[in-house]
Protein chains: 2
Amino acid sequence: METKRGLDPEYVLVIHGGAGVINRSSMDADTEKSYRDALDAALTVGDNILSAGGTSLDAVEAVVAWMEDNPLFNAGKGSVFTYEGKIEMDASIMNGIDLSAGAVGGVSHIKNPVKLARFVMEKTPHVMLAGKGAEEFAKSQGISMMDSSYFFTQRRWDSHLKGLEEQKQTPADKHGTVGAVALDKHGNLAAATSTGGMTNKRWNRIGDTPVIGAGVYANNNTCAISSTGHGEYFIRWAVAHDISAMMEYKGSTITEAASHVIMEKLAAAGGEGGVIGVDRKGELTMTFNSEGMYRGFIMPGKRYVGIYGDE
Amino acid sequence: METKRGLDPEYVLVIHGGAGVINRSSMDADTEKSYRDALDAALTVGDNILSAGGTSLDAVEAVVAWMEDNPLFNAGKGSVFTYEGKIEMDASIMNGIDLSAGAVGGVSHIKNPVKLARFVMEKTPHVMLAGKGAEEFAKSQGISMMDSSYFFTQRRWDSHLKGLEEQKQTPADKHGTVGAVALDKHGNLAAATSTGGMTNKRWNRIGDTPVIGAGVYANNNTCAISSTGHGEYFIRWAVAHDISAMMEYKGSTITEAASHVIMEKLAAAGGEGGVIGVDRKGELTMTFNSEGMYRGFIMPGKRYVGIYGDE
């Protein structure tokens, strides 16, 4: 199949499964292998769609939904618990063609929050729905709803209890996100992000994931970005949009822009985390100022999976 | 009193009370006068703080709280009703000194949502709280809670019923916001925005007002911005942050940046509304692509109130 973009890759998919204190001493070999296998399988989900000429929007939705279903990641099944021991998930999706976007905040019974975000984008005049209202809308659309028990994982429950006891946790316990960005064969960009949020969060805290411009952004003229990290910093620095804006207004490459925003601005402020991104020419970035980031990318003839900062 | 900034104004306050289909044929003389008087009084509230050397953060909070208390505006008392006949308010505040920010979405019993947003900013590690959780936090802080009846205004209820009947309303009925931006004598910027949202909104829709980067942004290096208009467009275009980013990365003035984003980008997409803004040198903007915008500004020796597009 021919590409319209000369030597550039026909399509690109980049994914992340969260950033934080992730290093070799904090992970045994079996756990490491399970993450690498999961990231690799997620890449295949998207590759199957993109290689067949599917859209970047369909690819990022399917990949993020697959990661939501995998209990290893803090999104969908396997989400962390709130202070009250509940599940409250956030998700978002954005289409670079027309800047259409959808997001949900604080949903508790949605099997795949990213799919609900897409319904919000395509079936309502709104961008962002929250809590019970978002779930009412989901019911009206026949979206899969699950009992709370579906989302339970012992590991996250232990982390919840440990956090309540110690009032302190490692950043790796506290947050985590999944996300995907893609360039398809038609030259279009899309991005999606999903999370269970921060362990033991209170008061219906909403993080950066459903905030368009912070946890997600996609614009065919610039790039598609998905964020992961300490959400409050990503909101205040409007990280995903800032990278897009630096490309638009300064003519920076996606690599330069991501590096400036994550490694300089955010790092100077103490905001830990990272982003994945891709531009319309297929240049991609996986930039993080934390010790590690679960991540990977795939394009025709090239596949990569990484966890630590030095690989 | 001396200013540190030579010939620049010692301080500046800019306010808005919503943008939309606001023209001379849609308003009688008494109504027009009541809006002009209210805008003028709001300016005085902020002027008293800023002229005495108070902070821009205190000024924008006090001005927005005053407008929330005034039933003429769609924020606090006088907020529009949701599809179910309820009140759901959003608000945000941001400090240009350190990019600290606070926001609340979908609160129903808070007398002054902007004050709660400031508590979120200063008393929690979070930026955004929603719905019941935000109200629980408010109770824990001793914030004024009101019975639903406090927020009732006949005019908004009639608009709610009319909307349900006709399934159509004028844009002026549908949304409205209040906001303030300020530069203080210390050279610091701040912004705040508050709204009752869109008449007959459903499913806990959250608009641009509590989305940092969309409805509000403040950064001492660039500008302070408060938005009003069709919120979904302001979210998708990250309007407040985009103006800031164009100043940062392209070196544009606040006037050039606001004009580009509101009159070109948003207008081309059909996104109706406007922004107020001020930069650190005291240059201010009140830019809107709608017929009118309730607005005003004050600085030492100069005071202005406007409603229509041609004044």
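The values are calculated or read from the model by the stated rules, or taken from the named source; none is laboratory data. Model, not experiment: these values are computed from the prediction. For neighbour counting, all protein chains shown are included, and Cβ atoms are generated from backbone atoms with ideal geometry for every residue, glycine included. Just the protein is used for accessible areas: all its heavy atoms, side chains included, with ligands, DNA and RNA removed. Shrake-Rupley method; radii C 1.70, N 1.55, O 1.52, S 1.80 Å.
In chain B, a dipole from Cβ-located charges (positive for Lys and Arg, negative for Asp and Glu) runs towards its positive end, and of B:176, B:124, B:92 it is B:124 whose Cα lies farthest in that direction. Here's the list of lysines a cross-link from residue A:86 could span, going by alpha-carbon distance under 25 Å and ignoring same-chain residues fewer than 8 apart: A:77, A:111, A:115, A:132, A:139, A:162, A:168, A:174, A:201, B:123, B:132, B:139. Buried on complex formation within the stretch B:229-256 (loss of at least 40 square angstrom of accessible surface versus the isolated chain, 1.4 Å probe, ligands and nucleic acids ignored): B:232, B:235, B:236, B:241, B:249. Say the dipole of the protein assembly as shown comes from +1 at the beta carbon of Lys and Arg and -1 at that of Asp and Glu; which of A:220, B:267, B:83 then lies farthest toward its positive end? Most positive-ward Cα: B:83.
Phi angles of the stretch B:102-110 translate, via the Karplus equation with coefficients 6.51, -1.76, 1.60 and θ = phi - 60°, into HN-Hα couplings of x, 8, 10, x, x, 9, 10, 10, 8 Hz per residue; Gly and Pro are given as x.
Arrange the residues A:45, B:114 by how much accessible surface each exposes, largest first, with a 1.4 angstrom probe.
Values: A:45 35, B:114 0 Å².
Correct descending sequence by accessible area is A:45, B:114.
Give me a comma-separated list of calculated 3J(HN,Hα) values for the stretch A:133-149, in order, Karplus coefficients 6.51, -1.76, 1.60 applied at θ = phi - 60°, integers in Hz, x for any Gly or Pro. Residue by residue, the stretch A:133-149 yields x, 4, 6, 4, 4, 4, 4, 5, 9, x, 6, 4, 10, 10, 5, 3, 4 Hz. Once C-alpha pairs closer than 8 Å and six or more residues apart are averaged by separation and normalised to the residue number of the stretch B:21-78, the relative contact order reads 22 percent.
Annotation note: trypsin sites (Lys or Arg not before Pro) in the stretch B:2-67 located in DSSP loop regions with a Cβ neighbour count of at most 13 within 10 Å are B:4.
For the protein assembly as shown, what is the mean residue ellipticity at 222 nm derived from helices alone (per DSSP H run of n ≥ 4: -39500 (n - 2.57); sum divided by total residues; nearest 500 deg cm²/dmol)? The partial results should precede the final answer.
Numbers: 19 runs with 201 residues, N = 622.
Value at 222 nm, helices only, nearest 500: -9500 deg cm²/dmol.
Counting only DSSP beta bridges with both residues in the stretch B:69-162, tell me the antiparallel percent, nearest 5. Write out the running numbers ahead of the final one.
Numbers: 7 of 10 bridges.
In the stretch B:69-162, DSSP labels about 70 percent of beta bridges as antiparallel.
Measuring with a 1.4 angstrom probe and ignoring ligands and nucleic acids, residue A:145 comes out at about 60 Å² accessible.
Working note: Karplus 6.51/-1.76/1.60 with θ = phi - 60° gives the stretch B:75-86 the couplings 5, x, 5, x, 5, 6, 9, 7, 3, 8, x, 10 Hz, where Gly and Pro are set to x. Stokes-Einstein diffusion for the stretch A:195-306, with the hydrodynamic radius set to the Kirkwood value over Cα pairs and evaluated at 25 °C in a medium of 0.890 mPa s, equals 173 µm²/s.
The order of B:115, B:139 by accessible area, most exposed first and with a 1.4 Å probe, is B:139, B:115.
When nucleic acids and ligands are ignored and a 1.4 Å probe is applied, residue B:147 ends up with an accessible area of around 110 Å².
Give, rounded to the nearest 20 debye, the magnitude of the charge dipole that chain A has about its Cα centre when Lys and Arg contribute +1 at Cβ and Asp and Glu contribute -1 at Cβ. Kindly include the intermediate steps, with their values, before the conclusion.
On the way: 30 positive and 38 negative charges, 82 e Å.
For this selection, approximately 400 debye.
Cut-off 12 Å, label point 7 angstrom out along Cα-to-Cβ of residue B:48: give me the residues of the stretch B:57-83 whose amide nitrogen falls inside. Correct set: B:62-63, B:66.
Computed with a 1.4 Å probe over protein heavy atoms only, the accessible area of residue A:152 comes to about 80 Å². Both numbers refer to the Cα atoms of the stretch B:70-218; Rg and Dmax are 15.2, 52 Å.
Hydrodynamic analysis of the stretch A:1-118 uses the Kirkwood radius over alpha carbon pairs. Inserted into Stokes-Einstein at 4 °C and 1.567 mPa s, it gives a translational diffusion coefficient of 81 µm²/s.
Sorted from closest to farthest, the other copies place their residue A:265 label points 1.3 nm away, with each point set 7 Å from Cα along Cα→Cβ. Shortest first, residue A:161 label-point distances to identical copies amount to 5.6 nm, with the label point at 7 Å from Cα along Cα→Cβ.
Stretch residue A:152-residue A:136 to full length: gain in nm at 0.36 nm per residue minus the Cα-Cα span?
Working: separation 16, 0.36 × 16 = 5.76 nm, distance 2.22 nm.
Full-extension gain reported as 3.5 nm.
Normalising the average separation of contacting C-alpha pairs (under 8 angstrom, six or more residues apart) by the number of residues puts the relative contact order of the stretch B:96-247 at 22 percent.
Return the tail of the calculated pair distribution for chain A, meaning the percent of Cα-Cα pairs more than 28 Å apart.
Working: 14743 of 48205 pairs.
Here the tail beyond 28 Å accounts for 31 percent of pairs.
Accessible area per residue for the stretch B:178-272 is 21 Å², calculated with a 1.4 Å probe on protein heavy atoms, without ligands, DNA or RNA. Accessible surface of the protein assembly as shown, 1.4 Å probe: 51 percent of it comes from carbon and sulfur atoms.
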